[in-house]
């Protein structure tokens with residue numbers, strides 16, 4: 001997880017999104033969204049990289 005910028009966790013599973021939110025509680029630069037890797041819920045050109 002990068003110390004600066006924004007980190008976005010993406011998963012279709014509500015259980016996995018909840019687990020990520022619980023684990024990253026207190027990290028202001030982390031958010032989570034429902035989605036899949038081949039159709040990320042971010043605008044084109046806004047992400048530096050994706051890790052699967």
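The values are calculated or read from the model by the stated rules, or taken from the named source; none is laboratory data. None of these values were measured; they are calculated from a predicted model. Neighbour counts run over all protein chains shown; Cβ positions are idealised from the backbone, glycine included.
General remarks:
Let's see how each residue does on (1) on the phi > 0 side of the Ramachandran plot; (2) modelled with pLDDT under 90; (3) not in a loop (DSSP other than H, G, I, E, B):
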residue	(1), (2), (3)
2	no, yes, no
5	yes, yes, no
9	no, no, yes
18	no, no, yes
21	no, no, yes
25	no, no, no
32	no, no, yes
48	no, yes, no
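- Tabulated pairs, segment 9-21, first surrounded by 14 or more Cβ atoms within 10 Å (Cβ to Cβ), second assigned to a helix (DSSP H, G or I), C-beta under 6 angstrom, 6+ apart or interchain: 9/20; 11/17
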